[in-house]
Structures are given as structure tokens and as C-alpha cells.
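Working notes for the structure below.
The values are calculated or read from the model by the stated rules, or taken from the named source; none is laboratory data. Predicted model only: the values in this text are computed from it and were never measured. Don't worry about glycine lacking a Cβ; one is built from the backbone with ideal geometry, like all the others, and counts go over all protein chains shown.
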Amino acid sequence: MEFDLKSLGRDWVEGISGQELVARVISRAKLIQGQDQLIVVDRTDPHDFTVEFFAAILAGRSVALANPNWGAQEREEFNALVGANIAPLDNQSSGANYSNACRQNKVILIPTGGTTNGLKLAIHTWKTLETACIRVQQFLGGAAIDSCCVLPLYHVSGFTQLLRAYHSGGYIRFDEDYVKGYCLSYVPTQLRRALFDEKRIQALTTTRVIFVGGAPMPKSLAKEARELKLPVMPVYGMTETAAMVAAIPVADFLTDSRAGAIPIGDAKMEIDSSGRIRIQSPALFKGYYGGEALDLTRGYLSGDEGYIDETERLHISGRIDRLVISGGEKIDPHEVEDAVGAISGIKEVLAVGLPDVEWGQKLVVYYTGQELVDWKKHLKDQLMNYKLPKEMLRVDHLPLDEKGKFLRPS
């Protein structure tokens, strides 16, 4: 459906009435209407973000989402992509140079990557994002989607929660103080930390569904969630697919540890000859802004490896770029994480490959919980010798960013 103020004007955003939201959107849209510039939405406050985004849509403008907490490197990469004349990210008053395609066909640019792989802006449209939202609503049975959004709005997994509430006639709040009947989206690290708190566990049992994505769930975490009978739905997707494109239904997750994911809506997945997952979906992005043209006629070839089982369900093995090659041997970090996570007293685990002069990459494991004294004794029967970590580092918190991605040492 086309954007309309009537849908925006109902009371659907926690902390702001529909009447106030519409008034602020109209006021902002009048200021930016007719200007030949890309609107950068980088607001920290979720209400300000919502106003800025919908004002840009009402004014018929192209939009780029941006992280207000980016460091100098990411800001430099962003500015290089959208144009050297862009205003500072906290000031929308001046313009930006961008392509005629963006002027003629309004787009929504969503950041992905950054730091290690270089920042990219995935090109979406109102239509691709709307399609993604409608397909998720249908997958859940068709009722309105009420969401507790605790992920960043500039990130596709947070942003689509806002749009799902809008498109489905649902409600959104930007905390998890009250979750009964709501949909909640977590990365695995957030779920793990929530399970340290008995009160949080009790609250989570009352949610409509807990989407868990961004990375594969460790087996130990999935087992604990099943034992607690939490309504967890592991999901698979990325910025390029407008968030989730496949999911394991809650009932299947709770009863079958081997269950695979079902495509959402009319999405299709196949496995490339290299083992990578290729995705076809009407919610697929149009390419990367400022990058070379992509041939998406056969779908998007992801950086994830997986397989499709005899029941046509998808299983994700892991990301190609997470594979650790140490001394010429290939190591799956998920296998190591599962082995370490099974040790009594261990809470969270992260296995990564870090540059090393001798090995090319050395396998380093960060963990929280009880101090491991003789960890090789625990692991030697579970892992082949070359898969044993070169270092085991106990930390108070895993070195992960707000999206659950590894923060490399500077």
C-alpha cells in the first residue's frame, strides 16, 4: 500500500500519540519538500527517528539510515558513498550529491558491514520493505504485529520492526519493560544474557514470539531455551533481504532440535555449487549504493553456507568469512563454541580467528563465567588437535557490538 497519514495517525508508537506524530511529520516534511538532497536519518531518540523517516517518505525523498555513534572511519566511508557535500550527520540543513536514479526512483538506503568489510548501503524501496513486512505478518498467521524493539533502528532488524508495526496495524514500544503478547527480536547474545535473570525468563515466556537472528544459535543456548519452553523462532535473513527471509516455527524449534527453516512467503533458497546460499525474494534489495551493478536475476548469492534437507528446509552452516584457517587447516568456530559452551560453569563463548605470523590465523576463544584452569583436558576429547584454541581468554563481557558482531582489537 502507499504511505498515508491516516495509518500513521493512529496511536501505535509508545510514548507519542498519533496526532502528535502526524503533526511533527507534516511540519518536518514541509521543511524538506522540494529540496534536492538525500535525507540522512541518524536520530538517537526513537521518536525523532520515526518522525524524520516518515517525513522524508511523505516529502517524496530518498533516505539513508545512519548510525549516530559511528566512529571516524565509518563516517568517512558513509560520506564517500553518499557524496562529499553531505551535511554533518547531526545536521540535515544542507544537501548531498547522489545519482539521478535516486532522484527519479525514491530509495531507502540501509547500512550493512563496516569496519572489517567496509561499509555498504543496501538499496531498498518502500515496496521491497513493505513486501517483507507483509510476508512476516502472513507467516505469523495474519494478526497485527506488536513489537518490543530493542535493536538499533538504523539496523535492518530494528528498522523493520518499526515498519511491521506500521504496515500490520500493530503497536511498537522501544523497550522490553512489558513484553506479554509482543514480538521481541534478539541476537543470540541478548537471549543468552536474558537467561541469566529468573525474572526475565518468566517475562519471556509471555511473549508472542522471540525472533533470534543475526548469527546461528549455539546448541547449548537452543537447548536451554527449549527446556524453558520459550517461544523462540530462529530466523535467517540480512540487510539485503530486508531482514528475515526464512524461519523455524516455534512449535518445530521446541520439539525438534534438527528442524530446518521454512522460506517466508514466496522466498526461495538454493545452494550454489560452492555451498553458499542463493536467495530469491520479492523483498530483495536492488544492489549497493555507489557500488558496481549486481546481476540479481538468479537471486542474491549470500556469504552464508548451508544445505537444504529432504523436507526442503534450510539449514545454515555458518558464514564463509567466519571460517578460521590456521596452519592450513579449516576450523569451524561454531563447533569450537559448542564444545567450550558445554563445559560446566561457562556462560558465553565466542571463537574467532586473529592474524598471526606463525599460523596465518590463530584461534582465540573469549568466554564468560567460571575460570577454566585445565581447558585442554575438557576439549581434547571433543575437538581434533588443530581445532584446539591457541588462546582462551576469560572476559567480563564478550567483545561484541550492539548487533552481536565481533569487535576486533584495535
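Take Ser257 and decide whether it is more than 22 Å from Tyr307 (Cβ to Cβ) and either in a loop (DSSP other than H, G, I, E, B) or touching a residue at least 24 places away in the same chain (Cβ under 8 Å) (or both). So Ser257 fails the test. Number of residues in the stretch 38-62 that are more than 21 Å from the chain's Cα centre (by Cα), of a type in the set (D, E, K, R) and modelled with pLDDT of 95 or more equals 2. Against the numbered list (1) free of Cβ contacts under 8 Å to residues at least 24 places away in the same chain; (2) touching a helix residue (DSSP H, G or I) at 6+ places or on another chain (Cβ under 6 Å), Leu383 comes up short only at (1). Output the number of residues of the stretch 68-78 satisfying the condition of being surrounded by fewer than 21 Cβ atoms within 10 Å (Cβ to Cβ) and modelled with pLDDT of 85 or more. Total meeting the criteria: 5.
Within the span defined as the stretch 222-231, every residue fails to be under 30 Å from Trp126 (Cβ atoms), crowded, with 16+ Cβ neighbours inside 10 Å, in contact with a Lys or Arg (Cβ under 9 Å, 6 or more places away or on another chain) and touching a residue at least 24 places away in the same chain (Cβ under 8 Å).
Remark: pairs (first residue in the stretch 275-291, on the phi < 0 side of the Ramachandran plot and surrounded by fewer than 21 Cβ atoms within 10 Å (Cβ to Cβ); second residue hydrophobic (A, V, I, L, M, F, W, C) and outside any strand (DSSP E or B); Cβ separation under 7 Å; 6+ apart in sequence or on different chains) = Arg276/Ile320; Gln280/Ala267. Taking the conditions (1) out of contact with any helix residue (DSSP H, G or I) (no Cβ under 7 Å at 6 or more places or on another chain); (2) acidic (Asp, Glu); (3) under 26 Å from Pro249 (Cβ atoms) in turn, Asp295 satisfies each one other than (3). Considering only residues in the stretch 313-355 that are outside any strand (DSSP E or B) and acidic (Asp, Glu), the one that is modelled with the lowest pLDDT turns out to be Asp321.
Put simply, of Leu393, Leu398 the only residue that is at pLDDT 90 or above, exposed (fewer than 14 other Cβ atoms within 10 Å of the Cβ) and either part of a strand (DSSP E or B) or in contact with a helix residue (DSSP H, G or I) (Cβ under 9 Å, 6 or more places away or on another chain) (or both) is Leu393.
crowded, with 23+ Cβ neighbours inside 10 Å, on the phi > 0 side of the Ramachandran plot and either of a type in the set (Phe, Trp, Tyr) or in the same structural domain as Leu162 (by TED's automatic domain parsing) (or both): does that describe Ala261? Judged against the criteria, Ala261 is not a match. When the stretch 300-312 is filtered for residues that are acidic (Asp, Glu) and either over 15 Å from Ala247 (Cβ atoms) or assigned to a strand (DSSP E or B) (or both), the ones remaining, listed by number, are Asp304, Glu305, Asp309, Glu310. Considering Leu204, Leu184, Leu228, Leu162, the condition of being modelled with pLDDT of 95 or more and closer than 23 Å to Phe285 by Cα is satisfied by Leu162 alone. For the stretch 350-388, the tally of residues that are within 19 Å of Leu400 (Cα to Cα) and of a type outside the set (A, V, I, L, M, F, W, C) stands at 7.
Only one of the numbered conditions (1) among the β-branched types (Val, Ile, Thr); (2) buried (at least 23 other Cβ atoms within 10 Å of the Cβ); (3) not in a helix (DSSP H, G or I) is violated by Val150, and that is (2).
Within the set Leu21, Leu31, the sole residue that is surrounded by 21 or more Cβ atoms within 10 Å (Cβ to Cβ) and not assigned by TED's automatic domain parsing to the domain that holds Gly158 turns out to be Leu21.
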